[in-house]
Every structure is written in C-alpha cells, then in structure tokens.
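The values are calculated or read from the model by the stated rules, or taken from the named source; none is laboratory data. Since this is a predicted model, take the numbers as computed values, not measurements. Glycine gets a Cβ as well: all are built from the backbone with ideal geometry, and neighbour counts include every protein chain shown. For the accessible areas, the whole protein counts, side chains as well, though only heavy atoms, and no ligand, DNA or RNA atoms are used. Shrake-Rupley method; radii C 1.70, N 1.55, O 1.52, S 1.80 Å.
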Amino acid sequence: MEMKIYVAGKVSPNSVFGTSDWRDQFCQKLSEKSGCKIINLDPTKTRGDLGLMDEKDSKLIVGRDCFMIKSADLVIVNLTDDISVGGSQEMLIAKYYNKPLVGIAPLGGKFRKKEKEMYGKVYQDYSDPFVTTTCDLVVEDLDELSGK
C-alpha cells in the first residue's frame with residue numbers, strides 16, 4: 001500500500017527537531033512501523049525551475065502548501081510546544097479539503113496535560129479544544145500512530 005502524507009510542523013532547524021529535514025526521518029520511521037510506503041509531501045523540498053522557491057513570496061508559499069495538502073491522503077501535524085502559526089493554519093486547510101488529520105501531541109506538552117488549571121478550576125486529562133475539535137485522531141507519538 002502507498003500513501004501520500006503531508007506532515008505539518010516546524011520548518012526551522014532551530015526547532016525542537018534540531019533540523020529542517022526531520023520530515024524525512026519521520027516518514028521513514030512511519031513507513032517501517034506501518035509497512036506502508038510513504039510518499040513525503042514535504043514543503044521544504046520543493047523547487048521551482050531555477051532552484052528553491054522564493055520564501056518571501058507569500059502567495060506562492062501558501063499556494064504550494066495548499067496544493068500539497070489537497071494532494072495528500074493524510075495530514076499529520078506535529079503539535080510541538082513551539083508549533084508555528086503556519087502549522088495551525090495547515091490544520092484548518094486540511095479540514096477545508098476534507099483530509100483526515102492526525103495530531104501528535106505528547107502528554108505533558110502544551111496541548112495535552114494530565115492536569116491543567118484554568119480560571120480557578122482544575123481539569124483532569126486536559127486536551128486543547130482547538131486540537132480535539134480539528135483533529136480526527138490525537139495520539140501521543142509515532143508508535144501510537146502506527147499501532148506499534
């Protein structure tokens with residue numbers, strides 16, 4: 001089986017991943033764990049006729065990402081504590097195109113907590129409402145996603 005996946009998340013090499021090529025490793029691990037051939041629709045790997053795209057051309061960048069999301073069979077968002085506005089927009093774009101959306105949100109991170117205090121009340125097993133209402137599935141990590 002073959003699956004085209006768009007992985008949303010940080011682009012900067014200064015992110016928690018420490019590299020801008022983290023999607024390659026992520027997709028390779030997912031492929032190994034799931035037994036499915038993964039085609040990585042990676043926005044950091046696109047090139048125009050004359051080399052890398054102009055990252056200052058906002059319409060071109062957003063259009064490219066929208067096209068890739070529309071072409072994907074599945075969108076996965078890495079919900080790290082340092083996720084950017086682009087990653088959250090990609091979640092909504094995935095929903096606009098009716099793409100299955102999986103959020104990877106570690107327990108204890110910004111979006112999932114055993115306990116969270118808000119407005120003087122303590123909530124148990126808290127999940128961010130913008131994550132739970134947007135994502136079709138929220139998992140802890142790659143192992144939970146692949147079922148292994």
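Summary of values
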{"item": "Per-residue [θ]222 nm for the chain (sum of -39500 (n - 2.57) over DSSP H runs n ≥ 4, rounded to 500)", "result": "-9500 deg cm²/dmol"}
{"item": "Rough spin-label spacing in nm, given labels placed 7 Å along Cα→Cβ, for D57 and V85", "result": "2.2 nm"}
{"item": "Under 13 Å from K45, Cα to Cα: aspartates and glutamates that are on another chain or at least 8 residues apart", "result": "D21, D24, D54, E55, D65"}
{"item": "Proximal lysines relative to K59, as straight alpha-carbon distance under 17 Å, when same-chain residues fewer than 8 apart are discounted", "result": "K70"}
{"item": "Choice from M91, M118, M68 with maximal GNM fluctuation in the chain (Cα, 10 Å cutoff)", "result": "M118"}
{"item": "Helix 58-71 vs. the chain, principal-axis angle (Cα, 0 to 90°, nearest 10)", "result": "80 degrees"}
{"item": "Hydrodynamic radius of the stretch 20-118 per Kirkwood, over alpha carbon pairs, in Å", "result": "15.2 Å"}
{"item": "Heavy-atom accessible surface of the chain: percent carbon and sulfur, 1.4 Å", "result": "53 percent"}
{"item": "All Cα pairs of the stretch 66-108, percent lying beyond 13 Å", "result": "49 percent"}
